[in-house]
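Have a look at the structure below before the remarks.
Any read-out appearing in this document is the output of simple, stated calculations on the displayed coordinates, not a laboratory observation. As the structure is a computational prediction, the values presented were derived from the model and not from experiment. Positions of Cβ are backbone-derived with ideal geometry, glycine not excepted, and every protein chain shown enters the neighbour counts.
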Amino acid sequence: MNGAVSSWDLSIGVDGPGTRFVLFTAGCPLRCQYCQNPETWRMRDGRQATTDEIMAEIGRYQRFISVAGGGVTISGGEPLLQPRFTAELLRRCHDGGLHTALDTSGLLGARADDAMLADTDLVLLDIKSFDPATYRRVTGGPVEPTLRFARRLAELGRPTWVRFVLVPGLTDAFENVDALARFVAALGNVERVDVLPFHRLATAKYARLGLRFPLADVPPPDQGLLDRVHRQFRDHGVVSI
Ligand code: SF4
């Protein structure tokens, strides 16, 4: 089977446990203001790759990532834009004894069937805001499908890490973080929340692509803000990293 992919890489610690082979699929229905991978937005900018080709590439690193307690993460872009391609990769990795993770915004969570989720050892669910108006401002899309997907993952008992990008003046409102923390705490399947400090490292990439980086003038969160947000999650009994 074919899919549109942007690139792949090895990463440590941020895309699931251990050293991971991360596949960035091409195509995303959202346009997050802080997106670090604008080159993955359009499916037509990716290149076609077969699942056999990707599995062969993963095979080159299989021993190394297994020994390092890692696995494979399907990321993007949005992997659920190509659910059959993503499902086949997750299944083949899972059947091959590799730890599997799916990194998704959850917007298209309805496209992940239960079989796909059974082949997914960990879901990295990006909840970019809890407040719907803020979510739309950040991403251009609605938050409800993501929250629905989060509830479904909880019902299925799938291990999940929630990721939340903290942007001063955009996602940092006390009530927004508090409501997200309350929601996450009630799910019961979320092992941790990764609070990811906004940064501007992609500015040059945007310039190269002829795009304007909308948050070019926004500073990263300072330590005081980070501490406050971690504390808000921890106050609700959520592991916040
Ligand atoms: S969902 Fe991810 S890939 Fe898509 S625009 Fe947002 S940050 Fe970028």
Revision key, fill the gap. In whole Hz, the Karplus estimates of ³J(HN,Hα) for the range 114-120 (6.51, -1.76, 1.60; θ = phi - 60°; x where Gly or Pro) are 4, 5, 4, 5, 5, 8, 10
Practice item. Compute the distance in nm between two label points, each set 7 Å from the Cα along the Cα-to-Cβ direction, one at Ser66 and one at Ala110. Key: 3.9
Review point. Which of Val14, Phe64, Gly210 sits farthest toward the positive end of the charge dipole of the range 2-235, with +1 on the Cβ of Lys and Arg and -1 on the Cβ of Asp and Glu?
Key: Gly210
Review point. What does the helix-only formula give at 222 nm for the chain: each DSSP H stretch with n ≥ 4 adding -39500 (n - 2.57), the total divided by the residues, and the result rounded to the nearest 500 deg cm²/dmol?
Key: -11000 deg cm²/dmol
Exercise for review: Sticking with the crude label model, points 7 Å out along Cα→Cβ, report the distance from Ala56 to Ala118 in nm, one decimal please.
Suggested key: 3.1
Point to revise | Cα-centre dipole for the range 1-120 with unit charges at Cβ (Lys and Arg positive, Asp and Glu negative), debye to 20 | key: 140
Review point. If you take every DSSP beta bridge whose two residues both sit in the chain, what share of them, in percent to the nearest 5, is antiparallel?
Key: 30
Exercise for review: Quick one: dipole size for the chain, taken about the Cα centre, charges +1 on Lys/Arg Cβ and -1 on Asp/Glu Cβ, in debye to the nearest 20.
Suggested key: 400
